[in-house]
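In what follows, a single structure is set out as structure tokens and then discussed.
The values are calculated or read from the model by the stated rules, or taken from the named source; none is laboratory data. What you are looking at is a predicted structure, and each value in this text was computed from that prediction instead of being measured. Every residue, glycine as well, gets a Cβ built from its backbone with ideal geometry; the counts of neighbours run over all protein chains shown. SASA here: full protein model, heavy atoms, side chains in, ligands and nucleic acids out. Shrake-Rupley method; radii C 1.70, N 1.55, O 1.52, S 1.80 Å.
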Amino acid sequence: MKTNENEEIEAMAAIFGEEWCIVDACAKTFCIKINDNKEHPKWTIGLQVMLPDEYPETAPPIYQLNAPWLNAQERVDLSNSLEEIYIQNIGESILYLWVEKIRDVLLKKSHMAEPGPDVKKKTEEEDVECEDDFILACQPEYSVKPLDFEIGENQTEIEELPTIDHGIPITDRRSTFQAHLAPVVYPQQVKMVLAKLYENKKIASATHNVYAYRIYCEDRQTFLQDCEDDGETAAGGRLLHLMEILNVRNVMVVVSRWYGGILLGPDRFKHINNCARNILVEKNYTHSLEESSKALGKNKKVRKDKKRSEH
């Protein structure tokens, strides 16, 4: 790391204390939580930055903003302000200026006497189209979200951790997607797989870790299945739908996405599903994409024939 970078990072840590966090020192990735008021915060934005080798001489930090309450226009305005600061100070360290600009925006919003943010009021369409829900992993120790699973009466022992395989990453406009796959036959194993994955700091610091699983219950001849968006609205449901189409069973797929600072729009869902589909095919959970497509078409034909016979 260059001397001026070291000095800037040391200064940021000294100024902001616990608010400043190292996500990955080797990758030069850091984050900071910015509030309008330290004592009684109402508005908060998480800023995560990755410092490219060309920073600050010829390239700005790659950044992402974590603030689900920001609407599309507010996000664009704030991003424009940060980029303007960089242009006005090319070759100079700008992290402190960025933080203060964001804090200034929060203070102005607070002084407008608006009610605090209610993330739940956001519609799914806004989340999907604006791509403005980025989970910011900025705690030194990463924790796994609790999953409320009940262990069956006949399951007296916790199953062993399944083998986890990792797919080939897909990169598009600085964002990287990678799938992870594990065989699961009990819901408890889903928690175990997630816990194991989150031991990897790179995976834990991903912007999103979308997952879905399908477990076939032989006694009931039904599927136990669920999914998680992890901030990428509708991504988990789309992933689970793909697994249903491929008719896979007793498997869990997690797709990690590291956001690179450029919005991908609907392409992000394509990459998530492609990563998942590739590893499912590679590990022989479906014989081939062609056979799966034929099976899907056959199922549709059966359903149509059934409807006709009902009339």
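Evaluation of Met192 against the conditions (1) aliphatic (A, V, I, L, M); (2) out of contact with any helix residue (DSSP H, G or I) (no Cβ under 8 Å at 6 or more places or on another chain); (3) in contact (Cβ under 8 Å) with a residue 60 or more places away in the chain shows that the sole unmet condition is (3). Candidates are the residues of the range 59-73 that are touching a residue at least 12 places away in the same chain (Cβ under 8 Å) and more than 20 Å from Ala206 (Cα to Cα); the one that is least open to solvent (accessible area, probe 1.4 Å) is Leu70. Checked against (1) modelled with pLDDT of 85 or more; (2) over 23 Å from Leu70 (Cβ atoms); (3) of a type in the set (A, V, I, L, M, F, W, C); (4) surrounded by fewer than 20 Cβ atoms within 10 Å (Cβ to Cβ), Leu51 meets all criteria but (4).
Here Ile215 meets the list (1) at pLDDT 90 or above; (2) aliphatic (A, V, I, L, M); (3) buried (at least 22 other Cβ atoms within 10 Å of the Cβ) almost entirely, failing just condition (3).
From the list Ile85, Ile94, Ile15, Ile90, the one residue that fits, being at negative phi, buried (at least 17 other Cβ atoms within 10 Å of the Cβ) and among the β-branched types (Val, Ile, Thr), is Ile94.
Residues that are in a strand (DSSP E or B), open to solvent by 40 Å² or more (accessible area, probe 1.4 Å), farther than 25 Å from Asn66 by Cβ and in contact with a strand residue (DSSP E or B) (Cβ under 6 Å, 6 or more places away or on another chain) do not occur anywhere in the range 244-254. Considering Gly261, Gly265, Gly231, Gly236, the condition of being open to solvent by less than 10 Å² (accessible area, probe 1.4 Å), within 28 Å of Pro68 (Cβ to Cβ) and not in a strand (DSSP E or B) is satisfied by Gly236 alone.
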